[in-house]
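Read-outs: derived from the displayed coordinates by stated rules, not from any lab. Quantities reported herein were computed from a predicted structural model and do not represent experimental measurements. For neighbour counting, all protein chains shown are included, and Cβ atoms are generated from backbone atoms with ideal geometry for every residue, glycine included.
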Amino acid sequence: MKSIRPINFFSGNSGSDQNIILDSIADGVFTVDKDWRITSFNRAAEKITGVSRNEALGQLCKDVLKADICERNCCLMSTMKTGEQIINKKVYIINAEGRKLPISISTALLRNKNGKLLGAVETFRDISIEEDLRKVISQKYNFADIISKNHKMLQLFDMIPDIAAGGSAVLIEGESGTGKELIARALHNLSSRKKFPFVAVNCSAIPDTLLESELFGYKAGAFTDAKKDKPGRFKMAENGTLFLDEIGEVTPSMQVKFLRVLQEKTYEPLGGTQSIQHNVRIVAATNKNLEEMVKQGHFREDLFYRINVFKIILPPLRERLEDIPLLIDHYVNRFNTLQKKNIEGIDEGAMSVLMSYQYPGNVRELANIIERAFILCKTGIIEKKHLPENLFASQTKESNAEGESLRDVEYKYLLNILKQNNWNCPRTARELGIHKSTLYRKIKSLGLQLP
Amino acid sequence: MRLALSVFKNCISTVFDSADQLLIVETDEVTNLKKIPLKFVSAVPLERVAQLKDNDIDVLICGAISRQMQALITSQGIVVHPFIRGEVDSIVSAYKNNQLEQAIFSLPGCRRHGTGVGFRGQRGKRCRWR
C-alpha cells in the first residue's frame, strides 16, 4: 500500500505538535490528500472507527471510515468539487468490530498558508448516545403513529388499549386534521378484531341516496343495472371495525337507519327482504359538537347515545403547542426519507413563526407547511422564507388588536412573544428587556397558562 | 456453487448494508465462470437476506457489514467473508486459491474478521471450486 507522510498543514508546527493538537480534540478528525488518501488521523478517529492511526494513514478514506455514503454521496468529494463546507450531516459507519454507528460529519477544504489546496478535512462525532435517547423519547411520545407529549394526549394513549379491548361503540370528536382516523385505526389494531378488516367510510363524501347502498349493499334487481349482489361496507367490515367519519353530516333519514343497525345489530341490503346480523364495531368521528347538534335538533338524541358509549376528544394543535417541535421533527424525517433529501430541521426564526400560528387545519396543515418548505428549501435548514405567507399574516393580525383594554393587549402581546420564544421565560424576559421575576409576576397577574 | 459479491463498479462495495449491486458468480465443473449482475431490491435486512436465499447463494464476499446483518445471513446457512476489499476479478481468483486471508484484501483494521467470523469452522471447505 502507498505510504504517505503526514502533511504538516499547520505552519510553524512540527508533525508531532500537530498530532498533539488533533489528539486533544474529542471529535474524530482526519485529513485526505487530493487522491482521497488519509494523511492524518487523530486518536478520537481511531476510537470511533476502530482503526489505528498506523493502519489508516495512506489508505483510501472510504476504506477506513466505511460510511454508507462513501460510494455515492461522498461529502469530502462534494466539498472538494464545490469548495463548500458540509456541516453536521448524519451518516452511518460500520466500525472495525462490525458495529453500525450513527455519526455526524463536517467537511472543509484544507489549504496551506499560501492558499494552495492540499486536500480536505473531515471531522466526525459519534452520536449513538443522542440517537438512542432520541429513540427513547420518540417511542415515549409515539403511539400508533400518533405523536404527542401533551398531557391530555398521553392520558388518551394510556386509555386506548382499554377502550380497544372493549367492543363498544366509540365517538371521536376533534377538529379536521387532528388524527381521528389514526385513533380509530389504533383502536382497531389493538383490539381482538385486528385480523379482520378496518373499513373507513366518509359519510359526507357520499350522497345520502348512495350512502345506504354503499353501507348495506344491494341485491340483484334492486334497481336498474343492479345485475348482481353487491356487498356493502358493513359486510366488508364483518368481524372488524367500521369507521364512520363525519357522522354529524348524515341526514335525519339516514340517522334513523343507523339507529336501527346499531340497536338491532341487523341491516337489510337494498332490495333485500331478510335482515342480516352483523358483528361490526362502530367507531364514529365528527368535527362538530354532536351534543350541541342534539340540543339544536339537528342530530337524533337516541342515535347520539348509541354511538357515544365512549367519547374521545382530540385537542386541536393550537392547544398542544408543545407537540409542534416533535411533529416538525417527525415530518422533516419523513419527507427526508420520502424525497431522499437531507434537510436537518428548521431554524429558530421559522420555529417561532410555526409556534405562534393557530393551525385551523391542525396536524395536517402543519404537515403541508413542512412539505411545502421541502420544495422551496435548497439549503440544509428550513428558514422563515420557506414558510407560506399566511402564517405571517396571522402573526401581524394578532399583534394589531384594536378596541381592547390595556390588560387584553398586554395579555395578547405577552402570549404572542412567549409563543415566539417557544415558552422560554428567561429568553422572553431578555427580549422584553425585563427581569425574569418581573415576567413571572406579569404572567401570574394576567392569568397566563404556560404549557 | 454460487458465490455472491456485493459490488460497486468493478470493486467490492465498501459497505454491504448500503450496497446496491450484487454480482453472482457461478461455476460449472470445467471451472468456467458465469457472472450475473443483480440489483438489491431492498435495503431492509430481512429482504436482503431473503434475496440472497432466493438466489441460492452459498457464499457471500462483501465489504464492511454490520453484525446484525451478518448474523442474519449466516443464520440462513450462507458463508460470509466480510470486510474484504479489492477488484472483483482479483477477489474471485483469491477466493478460488484460498488467498482471501491476505492483508491486501482486508479493509484497514479489520483483518481479524477475515480470519475470524467468516472463516471460522470452514477450514477445508472454504472453496469448493478446485
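Fewest-first ordering of A:116, A:219 by other beta carbons within 10 Å of each residue's beta carbon gives A:116, A:219. Taking the average, over residues, of other Cβ atoms within 10 Å as the packing measure, peptides A:424-431, A:223-230 rank A:424-431, A:223-230 from highest down.
Partner shielding of A:70-76 amounts to 3, given as the average count of beta-carbon atoms from other chains within 10 Å of each residue beta-carbon.
A Förster radius of 30 Å, combined with the Cβ-Cβ distance separating residue A:275 from residue A:311, puts the computed FRET efficiency at roughly 0.55.
Would you mind checking A:66/A:341; A:89/A:385; A:135/A:385; A:341/B:53; A:66/B:39 for any pair whose Cα atoms are more than 26 angstrom apart?
Details: A:66/A:341 21 Å; A:89/A:385 22 Å; A:135/A:385 30 Å; A:341/B:53 32 Å; A:66/B:39 21 Å.
Pairs exceeding 26 Å: A:135/A:385; A:341/B:53.
Taking label points 7 Å from Cα along the Cα-to-Cβ direction, residue B:47 and residue A:25 give a separation of 3.8 nm. Protection proxy ranking for B:59-65, A:27-33, A:366-372, using the average of other Cβ atoms within 10 Å per residue and placing the highest first: B:59-65, A:27-33, A:366-372.
Around the Cα centre of chain A, unit charges on the Cβ atoms of Lys, Arg, Asp and Glu (plus for the first two, minus for the last two) sum to a dipole of about 920 debye. Among the residues of A:59-66, the average count of other protein chain beta-carbon atoms within 10 Å of the residue beta-carbon is 6.
Along the axis of the charge dipole computed for chain A (Cβ charges of +1 for Lys and Arg, -1 for Asp and Glu, origin at the Cα centre), the listed residues A:254, A:357, A:370 are led at the positive end by A:370. Summarising the strand pairing of chain A, around 60 percent of its internal DSSP beta bridges are antiparallel. For the range B:2-115, the share of alpha carbon pairs falling in successive 5 Å distance bins from zero is 2, 13, 25, 27, 20, 10, 2, 0 percent. Enclosing the Cα atoms of the range A:6-155 in their convex hull gives a volume equal to 143 cubic angstrom per residue.
How would you classify the range A:261-301 from its alpha-carbon gyration tensor, with a ≥ b ≥ c the square roots of the eigenvalues: rounded for a/c under 1.5, else prolate if a/b is greater than b/c, otherwise oblate? Display every interim value, and only then the final one.
Working: a/c = 3.18, a/b = 2.17, b/c = 1.46.
Prolate is the answer for the range A:261-301, as a/c is 1.5 or above and a/b outweighs b/c.
Every helix of 4 or more DSSP H residues in chain A counts as -39500 (n - 2.57), and over all residues that averages to -12500 deg cm²/dmol at 222 nm.
Please state the equivalent ellipsoid semi-axes for the protein assembly as shown: what are the square roots of 5 times the Cα gyration tensor eigenvalues, largest first, in whole Å? Kindly include the intermediate steps, with their values, before the conclusion.
On the way: eigenvalues 635, 305, 65 Å².
Output for the protein assembly as shown: semi-axes of 56, 39, 18 Å.
Overall shape: prolate for the range A:401-451, with the ratio a/c of the largest to smallest alpha carbon gyration tensor axis at 1.5 or above and a/b above b/c. Separation of the alpha carbons by more than 19 angstrom is noted, of A:116/A:378; A:180/A:265; A:149/A:378; A:62/B:9; A:412/A:442, for A:116/A:378; A:180/A:265; A:149/A:378. Each Lys and Arg Cβ is given +1 and each Asp and Glu Cβ -1; about its Cα centre, the range B:2-115 then shows a dipole of about 320 debye. The modelled label-to-label distance for the pair residue A:125/residue B:55, using points 7 Å beyond Cα in the direction of Cβ, is 3.9 nm. With θ set to phi - 60° and the Karplus curve 6.51 cos²θ - 1.76 cosθ + 1.60, what are the ³J(HN,Hα) couplings of the range A:116-130 in order, to the nearest whole Hz, using x for Gly and Pro? Computed from phi, the couplings for the range A:116-130 are 6, 6, 9, x, 8, 10, 10, 10, 8, 10, 6, 10, 5, 5, 4 Hz. Rounded to the nearest 0.05, the FRET efficiency derived from the C-beta distance between residue A:333 and residue A:47 at R0 = 30 Å is 0.60.
Of all beta bridges DSSP finds with both residues in the range A:150-315, what is the antiparallel percent, to the nearest 5? If you can, show how the numbers build up before the last one.
Working: 4 of 23 bridges.
Approximately 15 percent, going by the DSSP bridge assignments.
Over chain A, Cα pairs under 8 Å with separation of 6+ residues give a relative contact order of 11 percent.
Return the subset of A:34/A:81; A:34/A:113; A:140/A:194 for which the Cα-Cα distance in this structure is over 21 Å, preserving the input order.
Working: A:34/A:81 11 Å; A:34/A:113 17 Å; A:140/A:194 23 Å.
Check vs 21 Å cut-off fails for A:140/A:194.
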